[in-house]
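The values are calculated or read from the model by the stated rules, or taken from the named source; none is laboratory data. The model shown is predicted, which means the values in this text are computed figures rather than measured ones. For neighbour counting, all protein chains shown are included, and Cβ atoms are generated from backbone atoms with ideal geometry for every residue, glycine included. In case anyone asks, the SASA skips ligands and DNA or RNA and just uses the protein heavy atoms, side chains included. Shrake-Rupley method; radii C 1.70, N 1.55, O 1.52, S 1.80 Å.
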Amino acid sequence: MPTNKFVISNPKPSITKLPEMGMKKDDFIDDFKQYYVHLLGRDENCRSPLYAGEALSLAVRDRLMERWKSTHQAYKANSCRRGYYLSMEFLMGRTLSNALLNMGVTDTVTQAMYDLGIDIEELIGSEQDAGLGNGGLGRLAACFIDSCATLQLPVIGYGLRYEYGMFTQTIINGEQVEKPDHWLRYGNVWEVERLEYSYSIKFGGHTEVQTDENGVQRYCWIGTHDVLAVPFDTPIPGYQNGTVNTLRLWKAVATEEFNLDEFNAGDYAEAVEAKISAENITMVLYPNDANENGKALRLQQQYFLASASLQDVLAHWTSRHGNDFNHFAEKSCFQLNDTHPSIAIAELMRLLMDIHGLTWDKAWALTKTTMAYTNHTLLPEALEKWPVVLMQRLLPRLMEIILEINAHFIAEVSMHWPGDNERLRRMSIIKEGDEQQVRMAHLAIVGSFSVNGVAQLHSQLLQQGLFSDFYALWPHKFNNKTNGVTPRRWLAACNPELASLITEAIGDGWVTDLSQLKKLEPYAEDTQFRQRWHGIKQAAKQRLIDYKQRKNDTDINFNVDAILDVQVKRIHEYKRQLLNVLHVIHLYNGIKKGDIDSRVPRFVLIGGKAAPGYRMAKKIIKLINNVAQVINSDPDTDKKLAMLFLKDYRVSAMERLCPGVDLSEQISTAGKEASGTGNMKLMMNGAITIGTLDGANIEIREEVGDENFFLFGLTEEQIGARRGLYDPVAMIDQDEDLRQVMHLLESGCFNQFESGIFDDLINSIKNPNDPWMTIADFRSFADAQKRVEDAYRDKDQWTKMSILNCANSGKFSTDRTIGEYNREIWKLTPQTVSPK
Ligand code: 26Q
């Protein structure tokens, strides 16, 4: 009998039979101690919450394992249609508290730890964020898989296990300094490595046509450098329903520990180098949330994800059906999270034809009925393009297939619009020019049956603008799926005080049916309820500032009666943190002029990371810090105005922040923010939005009503009409307030010893070609902020608005979003899992 390290000869089925695990407090205490003492080797002298946190997480994870297996087996036994969510990013944040909530053991486990003299918050707080994403798109993927599990949909998330996640942001002298995020340094108890499901991924080499024994020609991709993809699985529990889905993240590992030829030739260093370059593929997350064009390593990451995930799906298929793919499309659906994994379209063609022997037509029919694509951006400069030359070098077989797909596509377009060469040029997957490029969005549209935007306005603009040619050709492909956020993490877990007040009033059905929050509406008229609501918001604000002071992040003497005004998101010109700063300077100027009685105290928080290579964004951070410094150290602002840059904004920071926020800043240039999801989290927690008619803001306002939303700014249409006629300098001239703000900025008031450092920022907003039209919206923004203050002064009125915002946030649950994806795109049948 040959030995195989992945096969045991004669195992008894009973090797996996275990007694059921207890769910009582003492069961958790016993298991906790076992792990803490026996596995981790700690004793009562160990003061680090890390090990206690790890021991507890292991005890909790144990209780997920049976259900994970049952879920897996149920899907298999039912041969159900499956969904695959392919994403380069899963911004998961922390796992422990979410697992406790979804398993329904938060109180039991809290009490268990209490009995051991441990404050569970310290353990929860000691967990590293899994920062495997940049921002909205990555967090959306994480919320989506939570909702899929809660809706009991058979969906697997496929992504990459980056060794280094999103960098840690530190601030030195007001500037962003990036530190590597080695999030796995202390281990990750939530993942399970499954070496036995590894696949080989090809790079480089060349292609040849070979004739097989049946005289059939096949393309061979040979002379490649192969890298092994090793899966690490994380359990994704649904909300108290027995379902545990899987997030499968791939790690790149060198195929052979060392290349023996080179090793024997004495070239030890070169052999090691090959290993390192293979393992570089999943070393680090690219920290830009817009396209950084043309980086070979990024393309390797994308292909690595696509190929490993598709091989995994096809291995599962052929294990049951051999090379019979007749029913493959009935049983599978792939959702591509932006164009990042869209090379999967060409890879599926390759695997079906070159490996499994299908014809072009059969393979293409399967591909374009199983792939669906979600777009997340309207900025044309952010659309991914890869140089043809680079693709030919790294992925020669895929480049051939893409050219073939394009040839077929061009033929179809020519039939539809004979002689319209201009349109052909616009629509081609290959962009001609000095350097030919592959337009990944075009590949994604051509190769999928569904193309969706992430908010109504965004989807509409895709159809009318960016993708209008494709819309004219295939209107049936286009649809909208307005984003959401999971109410488990973003209300139930992060704001337990508010959650229990809500549950006390309307029952707990809202946790899985957020539209039930509507039942809160009448409570907005109930004085006692309002008082309790207000009390909870105020206490949350106080906790937040206590936390900041404990962390030594600020010595600001914070007044809980001030408006807590928050803008947290990636730093981008289109998101217009600058507009926010202009307003803060305007308030400061008012205080200096003695205009105080008419204003309401305000504490402005701005947080977010800048892409390390995005100069302007980094300058914006510096400006925020400098302005904060001047304002906060001026005694005249005491108890009236303060500003703070929140360093290292991330998922767990938002969880801390959410409950206390009064005012949510959603102030992007209309038509630029595809959706936004921070806007939804804050609304759900009772913050009121000041915002433009952009992305999901429009739908938020529709839900909550104009009287509970502070609207300002030009519309997308007005922005469009203004281009070419925009004269910011004249606007500054005509507005006394703005003139004074610009004067303070330009006089060096905020860069006294750093002459000229903000010139490029100042020039950018004064430029008639400023695409973000910051100056154009200043007046309207400042007026809206005045309305905010007037509303805030009436505490009762404000609290009503806060309740109504929460009450009308039901639409923004990812349960609704995923329900729509499923009804209109995936068509999966929910699977009940019977706990064994
Ligand atoms: C591309 C190529 C090379 C390197 C990086 C990238 C890259 C990485 C991340 C490009 C874009 C992203 C992320 C984009 C993103 O987060 N978009 C946001 O998606 C949210 C969810 O749909 C929306 O709510 C936001 O409006 C949108 O900005």
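Does the range 157-168 contain at least one residue that is closer than 16 Å to ARG82 by Cα and either crowded, with 20+ Cβ neighbours inside 10 Å or not polar (S, T, N, Q) (or both)? Step through it out loud before you land on a result.
Start the filter on the range 157-168 by keeping residues that are closer than 16 Å to ARG82 by Cα, which leaves 157-158.
Cutting the leftovers down to either crowded, with 20+ Cβ neighbours inside 10 Å or not polar (S, T, N, Q) (or both) gives us 157-158.
Yes: one or more hits.
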Out of (1) out of contact with any Gly (no Cβ under 7 Å at 6 or more places or on another chain); (2) at pLDDT 95 or above, the one GLY724 does not meet is (2)
Please go through (1) away from the ligand (no atom under 16 Å from the Cβ); (2) open to solvent by less than 40 Å² (accessible area, probe 1.4 Å); (3) within 18 Å of CYS148 (Cα to Cα) for ARG94 and return the number of the only condition it doesn't satisfy.
(3)
Return the only residue of LYS569, LYS537 being closer than 25 Å to MET801 by Cβ and within 16 Å of the ligand (Cβ to nearest atom).
LYS569
Looking at (1) touching a residue at least 40 places away in the same chain (Cβ under 8 Å); (2) out of contact with any Gly (no Cβ under 9 Å at 6 or more places or on another chain), which one does VAL454 not meet, given that it meets all the others?
(2)
Note down all Cβ pairs under 6 Å where the first residue falls in the range 413-429 and is touching a residue at least 24 places away in the same chain (Cβ under 8 Å), the second is of a type in the set (Val, Ile, Thr) and open to solvent by less than 50 Å² (accessible area, probe 1.4 Å), and they're at least six residues apart or on different chains.
MET427/VAL413
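Of the residues in the range 646-680, how many are over 21 Å from ILE775 (Cβ atoms) and within 11 Å of the ligand (Cβ to nearest atom)? Write out each step before concluding.
Here is the first cut: in the range 646-680, the residues over 21 Å from ILE775 (Cβ atoms) are 646-664, 674-680.
Subset that is within 11 Å of the ligand (Cβ to nearest atom): 674-680.
Residues meeting the conditions: 7.
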Since GLU89 meets every condition but one in (1) within 16 Å of the ligand (Cβ to nearest atom); (2) of a type in the set (Asp, Glu); (3) modelled with pLDDT under 95, which condition does it not meet?
(3)
I'm told PHE144 meets every condition in (1) open to solvent by less than 20 Å² (accessible area, probe 1.4 Å); (2) modelled with pLDDT under 95 except one. Can you identify the failing condition by its number?
(2)
So which of ILE631, ILE620, ILE606, ILE591 ends up being within 18 Å of SER764 (Cα to Cα) and touching a residue at least 12 places away in the same chain (Cβ under 8 Å)?
ILE620
Return the pairs, sorted by first residue and then second, in which the second residue is open to solvent by 30 Å² or more (accessible area, probe 1.4 Å) and in a strand (DSSP E or B), the first residue lies in the range 634-657 and is touching a residue at least 60 places away in the same chain (Cβ under 8 Å) and under 24 Å from GLY678 (Cα atoms), the beta carbons are less than 7 Å apart, and the residues are 6+ apart or on different chains.
PHE645/ILE171; LYS647/THR170; LYS647/ILE171; ASP648/THR168
Checklist (1) in contact with a Pro (Cβ under 8 Å, 6 or more places away or on another chain); (2) of a type outside the set (Phe, Trp, Tyr); (3) under 30 Å from MET399 (Cα atoms); (4) away from the ligand (no atom under 16 Å from the Cβ) applied to ASN134, failing item:
(4)
(1) surrounded by fewer than 23 Cβ atoms within 10 Å (Cβ to Cβ); (2) closer than 30 Å to CYS148 by Cβ: which one isn't true of ALA271, the others all being true?
(2)
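What tally of residues in the range 323-362 results from selecting those that are in a helix (DSSP H, G or I), within 16 Å of the ligand (Cβ to nearest atom) and either in contact with a Lys or Arg (Cβ under 7 Å, 6 or more places away or on another chain) or among the acidic types (Asp, Glu) (or both)?
Taking the range 323-362 first, the residues in a helix (DSSP H, G or I) are 328-331, 344-355, 360-362.
Checking the rest, the ones that are also within 16 Å of the ligand (Cβ to nearest atom) come to 344.
Narrowing further to those that are either in contact with a Lys or Arg (Cβ under 7 Å, 6 or more places away or on another chain) or among the acidic types (Asp, Glu) (or both): none.
Qualifying residue count for the region: 0.
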Failed condition for THR367, given (1) of a type outside the set (Asp, Glu); (2) within 16 Å of the ligand (Cβ to nearest atom); (3) modelled with pLDDT of 95 or more; (4) in contact with a Gly (Cβ under 7 Å, 6 or more places away or on another chain), with all others met?
(2)
Counted residues in the range 520-552 being open to solvent by 50 Å² or more (accessible area, probe 1.4 Å) and within 25 Å of THR170 (Cα to Cα) come to 7
Between residues in the range 274-301 that are farther than 28 Å from LYS569 by Cα and more than 8 Å from the ligand (Cβ to nearest atom) and residues that are open to solvent by 40 Å² or more (accessible area, probe 1.4 Å) and of a type outside the set (A, V, I, L, M), which pairs lie under 6 Å by C-beta distance while being six or more apart or on different chains?
ALA274/ASN259
Can you give me the ranges of the strands (runs of 3 or more DSSP E) entirely in the range 419-496 with at least 1 residues that are more than 18 Å from HIS408 (Cβ to Cβ), small (Gly, Ala, Ser) and modelled with pLDDT of 95 or more?
450-453
Of all the residues that make up the range 685-710, how many are touching a residue at least 12 places away in the same chain (Cβ under 8 Å) and farther than 15 Å from TRP798 by Cα?
12
Go through the range 202-250 and count every residue that is open to solvent by less than 40 Å² (accessible area, probe 1.4 Å), polar (S, T, N, Q) and over 17 Å from VAL313 (Cα atoms).
5
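So which residues in the range 438-464 are open to solvent by 30 Å² or more (accessible area, probe 1.4 Å) and within 16 Å of the ligand (Cβ to nearest atom), if there are any at all? Even if it seems obvious, please write down each step before you answer.
To start, the set of residues in the range 438-464 that are open to solvent by 30 Å² or more (accessible area, probe 1.4 Å) comprises 439, 449, 456, 460, 463-464.
Result: ARG439, GLN456, GLN460.
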Looking only at the range 711-728, decide whether some residue is in contact (Cβ under 8 Å) with a residue 24 or more places away in the chain, on the phi < 0 side of the Ramachandran plot and touching a Ser or Thr at 6+ places or on another chain (Cβ under 6 Å).
yes
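Please pick out the residue among ASN763, ASN751, ASN822, ASN767 that is loosely packed, with under 13 Cβ neighbours inside 10 Å and modelled with pLDDT of 95 or more. Working first, answer last.
Details: ASN751 fails: loosely packed, with under 13 Cβ neighbours inside 10 Å; ASN822 fails: loosely packed, with under 13 Cβ neighbours inside 10 Å; ASN767 fails: loosely packed, with under 13 Cβ neighbours inside 10 Å.
Only one candidate passes the filter, namely ASN763.
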